[in-house]
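Inspection log for the structure reproduced underneath, given as structure tokens.
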Amino acid sequence: MKQPVLRRHRHWYGIVTTILLITMLVTACKTPTVPATEVPQATEKAAEPTAKPAEPTTKPAEPTAKPAEPTAEPAPKYNEAPQFKAMVEAGQLPPVEERLPVNPRVIEPLDSIGEYGGVMRHPLLGSWSARFYSFMGNENLLVWTPNWDGLIPNVAESYEVNADSTEFTFHLRKGMKWSDGEPFTANDIMFWYNDIILNEELTPQKPNWLTVGGELAKVEAPDDYTVKFSFAAPYGLFLQWIATPSGSNMIEYPAHYVKQFHAKYVEKEKLDKMVADAGFATWVELFQSKTGAQGAGAAWTNVDLPVIYAWVIKEPAGGNVTRAVSEPNPYYWKVDTAGNQLPYIQRIEWEFLSDPELLLLRTLNGEVEFMNYYANSLKNKAVLYENMEKGDYHFFDQIRDQACTTVIHLNWNTKNMALREAFQNKDFRIALSIAINRQEIIDTVFVGQGIPYQAAPKPTSQFYNEELATQYTEYNVAKANEILDGLYPEKNADGVRLLPNGQPIKFDLIVDATRMPDWIDVLELVDIYWDAVGVDMTVQGISGELLDERRRANDYDATAGWSDGGLATLLNPQHFLFPLGWGSTFAPAWGEWLQPGDFGGEPEEPPADVKRQKELYDQIKATADLDKQVELMNEIIDIAIDRFWVIGISLDTGQFGVVKNNYFNVPLAMPESWNYPDPFPTNTCTYWIKE
């Protein structure tokens, strides 16, 4: 077999990727009006002859001897991993041709046709479920192209959209199967819609991405391999949402398996006993634990749950385990261009760590095949670079959707009413912003990379707005003190400014201490800068689980948050443009009022201009006209400029990942975003390890 060439010097790939990302929203937002069918189809038949061959004019001579019998069977159309071939020969599995759909999805590997085998070691920190998902779980009807510049049919073999973008019809792959060999059909998606989405106990709050014009989508299945979504108004962003994690939920429910835990399909007495035996209070809790309903992650914790992923869990995650193991799905429905059933990698070992330094050490020692989170901070890049030869790895670039390296969210809806008044005062936020020495942070924490920048669409985005990006980024302590002297001139003995009620301006800023060490470093410097102007902020590093719990309960005064939307602004306005859901941690109660969800605090009605932003975003969703979408988003941005919601630090210039040198088909650059759940769209099922 010809050995692949390691593409260390193809720098043009990263440049092209960056250019393509600039056009991602333009390309992805265009609504196709004809079926978008992937080619080539693996089982495409040759054309029938146009005419019957002429009859011979003379009878052929009789053979003088019987032709020899063929000495070998014709070459099979598809190939499979050795262990599956052995199982077929032993009668434990059907032949690979029977396990694949009529038209498997055909993927051309980036560099080379791979070899079966290899063990990928993948240590994890923090939210391990998200990392499982982003490596192997984003098997949606449609998926993003590797460069994030368009959409590709995936579980759907093809699709059509009507002229006004109110009806979306998806044609599934005939013969596709779950990992236990049962058929995957439209009935599974209809179970998700009828028995999950429409069930008030399982889904009391309907998904916003399925709602347009205040009405939930209507979903129907004309036949076993067709699913149709109908909306009350045009939905210009629906196809994009289908490719994000939001669109994954509909393919996570094998009806033949999950019905045994659903109240609609099980006698009450039997179900009550199952609930009690499992130690739950309700059937909903049992159902969620077994099926992963609403993001419970059962695909990684329940080895009995059938999936359509490239790898299935053999040793489950969850609880107090220190590792999990994934192995190939014998019914996986994708092949490479040579007809090899994917995936190539035959074992993934997930190790759960609690310390980023341990992940760094594992990587330096060459004990990690692939690392793209948590230990890939810029401050670690130098030591990782110096150790490249010893560790036998190389870097790849991450082109991040993050607008800003660090974003400070003062909670406009904090339960501390005296602080709330200060946080909602724009001049107070301006003073805090200009009190920050951003260049010193850039030089100290981000090794000189980046420029002072607020949370705003990136310069390469079509929504870049210089005023939003650069306002209040100048470092001016004298001006900051002048503003604060006009607002809160009184100070206590410690030099902390006093609010009108005599309370010092003192608060904790909570942040995930495990996963975001760079943020801790940044915020500790901000603590010093704000002390200098009489504001007492303390950085409180807590676990990711506790952070999420306190945010959901609106039990915090300030936090540091993500800034997805630097590139995919249309899909991610909630991190810095306006509050949309409780995840907008700068105003969670307003966000919950505008978009109800799973929130433990009390929703609050926001002011008129904030409601106007939500109205504009609803109009964006309800039009397929790209020019109109841009016009409406720019109006949202204008209001965000005036509001000055959050305080950013510096422009996110990108991150990097680490991959072993014997690990192939990994691009030298890839996008990074929750809505592009990297690295999955780069076809992780084609990654392979040369042993």
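The values are calculated or read from the model by the stated rules, or taken from the named source; none is laboratory data. Being a predicted model, the structure only gives us computed values, none of them experimental. All Cβ positions, glycine included, derive from the backbone under ideal geometry; neighbour counts span all protein chains shown.
Residues considered: GLU201, GLU160. Of these, the only one that is in a loop (DSSP other than H, G, I, E, B) and not hydroxyl-bearing (Ser, Thr, Tyr) is GLU201.
The number of residues in the range 99-115 being closer than 16 Å to ALA156 by Cβ and either part of a loop (DSSP other than H, G, I, E, B) or not β-branched (Val, Ile, Thr) (or both) comes to 5. Hey, does the range 626-633 have a residue that's touching a residue at least 40 places away in the same chain (Cβ under 8 Å), within 20 Å of PHE463 (Cβ to Cβ), surrounded by fewer than 21 Cβ atoms within 10 Å (Cβ to Cβ) and of a type in the set (Val, Ile, Thr)? Taking every residue of the range 626-633 in turn, at least one turns out to be touching a residue at least 40 places away in the same chain (Cβ under 8 Å), within 20 Å of PHE463 (Cβ to Cβ), surrounded by fewer than 21 Cβ atoms within 10 Å (Cβ to Cβ) and of a type in the set (Val, Ile, Thr). Set side by side, the residues GLY137, GLY150 differ, and just one is out of contact with any Lys or Arg (no Cβ under 8 Å at 6 or more places or on another chain) and surrounded by 22 or more Cβ atoms within 10 Å (Cβ to Cβ), which is GLY137. Within the range 644-691, track down each residue that is surrounded by 22 or more Cβ atoms within 10 Å (Cβ to Cβ), more than 20 Å from the chain's Cα centre (by Cα) and within 20 Å of TYR472 (Cα to Cα). Correct list: TRP645, VAL646, ILE647, GLY648, ILE649, SER650, LEU651. Taking first residues from the range 490-509 that are assigned to a strand (DSSP E or B) and partners that are surrounded by 18 or more Cβ atoms within 10 Å (Cβ to Cβ) and aromatic (Phe, Trp, Tyr), the Cβ contacts under 8 Å between residues at least 6 apart in sequence or on separate chains come to ARG497/TYR488; LEU498/TYR488; ASP508/TYR556.
When the range 413-460 is limited to residues that are of a type in the set (Gly, Ala, Ser) and within 31 Å of the chain's Cα centre (by Cα), the one that is farthest from GLN655 (Cα to Cα) turns out to be SER433. Of note, ALA469 does not satisfy the criterion of being under 35 Å from the mean Cα position of the chain (by Cα), within 19 Å of THR585 (Cβ to Cβ) and among the hydrophobic types (A, V, I, L, M, F, W, C). Screening SER584 against (1) in contact (Cβ under 8 Å) with a residue 40 or more places away in the chain; (2) in a loop (DSSP other than H, G, I, E, B); (3) touching a strand residue (DSSP E or B) at 6+ places or on another chain (Cβ under 9 Å) leaves a single unmet condition, (1). Based on this model, can you work out whether GLY366 counts as modelled with pLDDT under 95 and in contact with an Asp or Glu (Cβ under 9 Å, 6 or more places away or on another chain)? Criteria met by GLY366.
The set of residues from the range 110-151 being of a type in the set (Asp, Glu) and more than 15 Å from the chain's Cα centre (by Cα) comprises ASP111, GLU115, ASP149. The set of residues in the range 484-529 being surrounded by fewer than 21 Cβ atoms within 10 Å (Cβ to Cβ), of a type in the set (Val, Ile, Thr) and closer than 19 Å to LEU419 by Cβ consists of VAL496 alone. Within the range 149-169, track down each residue that is within 22 Å of MET136 (Cα to Cα) and in contact with a Phe, Trp or Tyr (Cβ under 6 Å, 6 or more places away or on another chain). Result: ALA156, single match.
Close Cβ contacts (under 6 Å, 6 or more residues apart or on different chains) running from residues in the range 454-481 that are surrounded by 16 or more Cβ atoms within 10 Å (Cβ to Cβ) and at pLDDT 95 or above to residues that are of a type in the set (Gly, Ala, Ser) and assigned to a helix (DSSP H, G or I) comprise GLN454/ALA469; ALA456/ALA469; TYR472/SER433; ALA480/ALA431. Please determine whether any residue of the range 539-562 is buried (at least 19 other Cβ atoms within 10 Å of the Cβ), without any contact (Cβ under 8 Å) to a residue 60 or more places away in the chain and in a loop (DSSP other than H, G, I, E, B). No, the range 539-562 contains no residue that is buried (at least 19 other Cβ atoms within 10 Å of the Cβ), without any contact (Cβ under 8 Å) to a residue 60 or more places away in the chain and in a loop (DSSP other than H, G, I, E, B). Counting the residues of the range 163-198 that are assigned to a loop (DSSP other than H, G, I, E, B) and touching a Gly at 6+ places or on another chain (Cβ under 8 Å) gives 1. Residue-level check: of (1) in contact (Cβ under 8 Å) with a residue 24 or more places away in the chain; (2) touching a helix residue (DSSP H, G or I) at 6+ places or on another chain (Cβ under 6 Å); (3) not acidic (Asp, Glu), THR363 misses just (2).
Whenever a residue of the range 430-448 is under 22 Å from VAL535 (Cα atoms), its partners that are surrounded by 14 or more Cβ atoms within 10 Å (Cβ to Cβ) and among the charged types (D, E, K, R), lying with C-beta atoms within less than 6 angstrom and at least six residues away or across chains, give the pairs ILE434/LYS479.
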